[in-house]
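Only one structure is covered here, and it is reproduced in the block below.
Quick note: the coordinates plus some simple rules give every number you see, no bench work behind them. Note that the structure is a prediction, hence the values are computed from the model and not measured. Here the Cβ is made from the backbone with ideal geometry for all residues, glycine too, and neighbour counts use every protein chain on show.
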Amino acid sequence: MNTAAIFDLNHPPKFHVSALRQEKQVKIVYLKVKLPVSKLVINTKYEVMTVSFDDILYCEAQNNYTMIYYGEGKKVLCSKTLKIIAESLKHGPFLRIHKSYLVRKSEIRILNKSTHEIFLGNQIFLPVSRSRRKEVLILLNAL
């Protein structure tokens with residue numbers, strides 16, 4: 001009988017232990033990976049709701065709050081700053097056009113060069129800051 005193949009089950013050989021450790025490391029790395037999010041979680045005074053990135057038209061800063069306009073004329077006041085909302089939406093199709101505005105790129109229809117405002121498809125005009133005009137022009141030329 002081959003004695004090399006016999007071992008105590010309470011003390012498995014080292015290669016089995018290292019294989020188990022490697023398997024655990026793979027699982028830990030897998031658990032740390034975050035999937036891309038396509039919804040924004042909004043905390044309001046009375047509820048917590050989610051809004052799909054595709055439904056958001058634009059966001060407007062209001063001091064330490066953000067008004068989020070979505071859907072067909074709906075809006076909700078969020079208790080986060082526009083900077084935090086912009087970081088949450090950085091993987092989505094959004095563009096910061098002003099210190100107070102974040103707009104979905106596909107909603108921009110016209111850039112008025114004399115008033116430096118953009119026109120959204122739903123009869124809304126928003127200002128564009130001087131530092132962001134070039135970025136908006138590049139975006140419109142790419143469409």
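Candidates 111, 93, 78 compared by Cα position along the dipole of region 76-122: farthest toward the positive end lies 93, with charges placed on Cβ.
Give me the net charge for the shell around residue 85: Cβ to Cβ below 12 angstrom, other residues only, Lys and Arg +1, Asp and Glu -1. Don't jump to the answer; show the numbers that get you there.
On the way: positive: 80, 83, 90, 96; negative: 60, 87.
Computed value for this residue: +2.
What does the charge count around residue 48 come to, taking other residues whose C-beta lies under 13 Å from its C-beta (Lys +1, Arg +1, Asp -1, Glu -1)? The answer is +2. Near residue 80, the amide H atoms lying under 5 Å from its own belong to 66; only residues 5 or more places off or on other chains count, and H is placed 1.01 Å from N. Shape class of region 50-143 from the Cα gyration tensor (axes a ≥ b ≥ c, square roots of the eigenvalues): prolate, since a/c reaches 1.5 or more and a/b is larger than b/c. In order along region 79-88, phi translates into HN-Hα couplings of 8, 10, 6, 5, 4, 5, 5, 4, 5, 5 Hz, rounded to whole numbers, per the Karplus curve 6.51 cos²θ - 1.76 cosθ + 1.60 with θ = phi - 60° and x for Gly and Pro. By other beta-carbon atoms within 10 Å, ranking 41, 76, 136, 103 with the fewest at the front produces 41, 76, 136, 103.
Under 1.5 on a/c is rounded, so check that first for region 92-143, then, if it is not, pick prolate when a/b is larger than b/c and oblate when it is not; a ≥ b ≥ c are the square roots of the alpha carbon gyration tensor eigenvalues. It is rounded, given that a/c, with a ≥ b ≥ c, falls under 1.5. Around the amide H of residue 94, modelled in the peptide plane, lie the amide H atoms of 105, all under 5 Å away and 5 or more residues distant in sequence or on another chain. Here is the list for region 69-143: GluC sites (Glu not before Pro) lying in DSSP coil, each with at most 13 other C-beta atoms within 10 angstrom of its C-beta, are 72.
Between amide H atoms placed 1.01 Å from N, distances below 5 Å from residue 42 occur with 49, 50, 51, all of them 5 or more places distant or on a separate chain.
Taking the Cβ of residue 99 as the center, what net charge do the other residues with Cβ under 10 Å away carry, scoring Lys and Arg +1 and Asp and Glu -1?
On the way: positive: 83, 96, 132; negative: none.
Result for the neighbourhood of residue 99: +3.
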